[in-house]
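To keep things clear, I will list the structure first and then write my remarks on it.
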Amino acid sequence: MMDYLAWRGDLDFGACPLNEVDALILCQLSYMKFDGLVRPDFAKTKEKSLTLAKLAKAFEAAPDYEERSNMGAVINPLSPELLKEAGKSRRFGELEVSAFINKIDELNDEQFSAVTFSCGRTWNFIAYRGTDDSIVGWKEDCQLAYMDSVPAQLDALAYFGAAAEALKGNFYLGGHSKGGNLALYSAAKAEGKLQKRILTVYDNDGPGFPEDFFSSPGYLAVADRIRTFVPRLSIVGMLFSNGGNYVTVENELKDMVMQHDPFSWQAGPLSFVVCDKLGDESEFVGKTLNEWFRTLSTEEKKVFVESVFQVLEGSNAKTNFDLTKNWFESLVGMKKTLDALPKSSRETMRKNIQLLVKIVADEFKKKISADMPHLGIAL
């Protein structure tokens, strides 16, 4: 993304329309801690507008800059530098920024954040934040496995409705990780008159949905405007069903987990660098985890997720950064909470983990059997 800014930063959107790489940059900027710097509503007058150039300077000059720049354990620490360079560029600097929302609700297991970038009255880009460093955000991700709608999805839809009422022009919706899921959910669940104002939906390695989501009237109404991108060794983007329509992006890293990081996605001057197919490792992990999800009942999934995060909450950590910073104290607290769980919950956890191990072993055997003929080995 940094290279792309160097290549295309001098061209405004009139000279070169918004593309998939621009979308990923705006999605990554949604991870920034804009609290107190961007108004929480939609600016309706020029006098109240805030450009990205001004925001980048305000961010750097903030007295709590060091705290704002700490992206935690899971978000790339280069994000503040991306904001700075985007703000200085002709391409992004004049975009108006509004309606930054950052909501953490531990009582209702919700982590939701969004921000809107507007190019005059031509178009608006709603960037939904993916899972941040908060433990509650990771719990909500896991709840996607058994809940029809999680709180962040409902808030994402409401946010789109409020933006459409307040702003002129059409809309791009986008997000990375869970943010991609929120963008797709909002587009599919929106009223028909709002769907007509959607230009493109950008889903960047977001977790999927149940199979029937992709045959719903709402999804079908916007299906031709959805662009889904995953790295070659995607894990998150292979969770649940993604409808099978995605573009695989080349990545400069070998590590499967780290390929989820947008900074590692390879891009050219106009688009991503794509590869022919998903990596074998990604297909194996996706197939294994999804088979496990399908095998468990809704109640088993719920008990497992609730039990795991009850143990994590025993660490008293609010973020992944807290968890790793005080790892010994965290482990002690988690062990105490695990021991205090009801026997039925511990038994469910044990059975579910055993089932996952069995499915992994079975899928591995199938893969080995399928590969042997190609290696010239007779079965």
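The values are calculated or read from the model by the stated rules, or taken from the named source; none is laboratory data. If you're wondering where the values come from, they're calculated on a predicted model, not measured in any experiment. Cβ sites come from the backbone with ideal geometry, for glycine too, and all protein chains shown count toward neighbours. When the accessible area is computed, the model is the full protein with side chains, heavy atoms only, and any ligands, DNA or RNA have been set aside. Shrake-Rupley method; radii C 1.70, N 1.55, O 1.52, S 1.80 Å.
Could you please find all residues in the range 239-278 being loosely packed, with under 13 Cβ neighbours inside 10 Å and either under 16 Å from the mean Cα position of the chain (by Cα) or basic (Lys, Arg) (or both)? Lys254, Val257, Lys277 - these are the residues of the range 239-278 that are loosely packed, with under 13 Cβ neighbours inside 10 Å and either under 16 Å from the mean Cα position of the chain (by Cα) or basic (Lys, Arg) (or both).
Among the residues of the range 210-239, those that are under 18 Å from Gln143 (Cα atoms) and touching a strand residue (DSSP E or B) at 6+ places or on another chain (Cβ under 6 Å) comprise Glu211, Gly237. For the range 186-212, the candidate set comprises residues that are of a type in the set (Lys, Arg) and outside any loop (DSSP other than H, G, I, E, B); within that set, the residue that is farthest from the chain's Cα centre (by Cα) is Lys193.
Scanning the range 102-119 for residues that are outside any loop (DSSP other than H, G, I, E, B) and open to solvent by 50 Å² or more (accessible area, probe 1.4 Å) turns up Asn102, Lys103, Ile104. Considering every residue within the range 281-299, establish whether at least one is out of contact with any Cys (no Cβ under 6 Å at 6 or more places or on another chain), assigned to a strand (DSSP E or B), buried (at least 17 other Cβ atoms within 10 Å of the Cβ) and in contact (Cβ under 8 Å) with a residue 12 or more places away in the chain. Checked the range 281-299: no residue is out of contact with any Cys (no Cβ under 6 Å at 6 or more places or on another chain), assigned to a strand (DSSP E or B), buried (at least 17 other Cβ atoms within 10 Å of the Cβ) and in contact (Cβ under 8 Å) with a residue 12 or more places away in the chain.
Residue-wise test of (1) polar (S, T, N, Q); (2) within 23 Å of Ile75 (Cα to Cα).
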| residue | (1), (2) |
| --- | --- |
| Ala221 | no, no |
| Asp224 | no, no |
| Arg232 | no, yes |
| Leu239 | no, yes |
| Tyr246 | no, no |
| Met256 | no, yes |
| Gln259 | yes, yes |
| Pro269 | no, no |
| Leu278 | no, no |
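Between Asp132, Asp64, Asp105, Asp109, the distinction of being free of Cβ contacts under 8 Å to residues at least 12 places away in the same chain and out of contact with any His (no Cβ under 9 Å at 6 or more places or on another chain) belongs to Asp64 only.
From the set of residues in the range 201-230 that are modelled with pLDDT of 95 or more and among the charged types (D, E, K, R), which is surrounded by the most Cβ atoms within 10 Å (Cβ to Cβ)? Filtering the range 201-230 for residues that are modelled with pLDDT of 95 or more and among the charged types (D, E, K, R), the one surrounded by the most Cβ atoms within 10 Å (Cβ to Cβ) comes out as Asp203.
Given the condition in contact with a helix residue (DSSP H, G or I) (Cβ under 9 Å, 6 or more places away or on another chain), among the β-branched types (Val, Ile, Thr), outside any helix (DSSP H, G or I) and surrounded by 20 or more Cβ atoms within 10 Å (Cβ to Cβ), answer yes or no: does some residue in the range 120-127 qualify? For the range 120-127, residues in contact with a helix residue (DSSP H, G or I) (Cβ under 9 Å, 6 or more places away or on another chain), among the β-branched types (Val, Ile, Thr), outside any helix (DSSP H, G or I) and surrounded by 20 or more Cβ atoms within 10 Å (Cβ to Cβ): present. Which ones in the range 232-267 are in contact (Cβ under 8 Å) with a residue 40 or more places away in the chain and within 24 Å of Pro80 (Cβ to Cβ)? Residues satisfying the conditions are Val236, His260, Asp261, Pro262, Phe263, Trp265, Ala267. Within the range 125-160, the only residue that satisfies the criterion of being at pLDDT 95 or above and acidic (Asp, Glu) is Asp155. Just wondering, is there one or more residues in the range 150-169 that are in a strand (DSSP E or B) and either polar (S, T, N, Q) or closer than 19 Å to Met32 by Cα (or both)? Among the residues of the range 150-169, not one is in a strand (DSSP E or B) and either polar (S, T, N, Q) or closer than 19 Å to Met32 by Cα (or both), which makes the answer no.
Of all the residues in the range 20-60, those that are part of a loop (DSSP other than H, G, I, E, B), within 24 Å of Ile226 (Cα to Cα) and either of a type in the set (Gly, Ala, Ser) or open to solvent by 20 Å² or more (accessible area, probe 1.4 Å) (or both) number 1. Counting only residues that are in a loop (DSSP other than H, G, I, E, B) and polar (S, T, N, Q), the range 128-149 holds 2 of them. With respect to (1) surrounded by fewer than 16 Cβ atoms within 10 Å (Cβ to Cβ); (2) charged (D, E, K, R); (3) in contact with a Cys (Cβ under 9 Å, 6 or more places away or on another chain), the lone exception for Arg91 is condition (1).
Taken together, the residues in the range 240-255 that are in a loop (DSSP other than H, G, I, E, B) and touching a strand residue (DSSP E or B) at 6+ places or on another chain (Cβ under 7 Å) amount to 5. Residues in the range 70-86 include none that are among the small types (Gly, Ala, Ser), in a loop (DSSP other than H, G, I, E, B) and closer than 16 Å to Ile25 by Cα.
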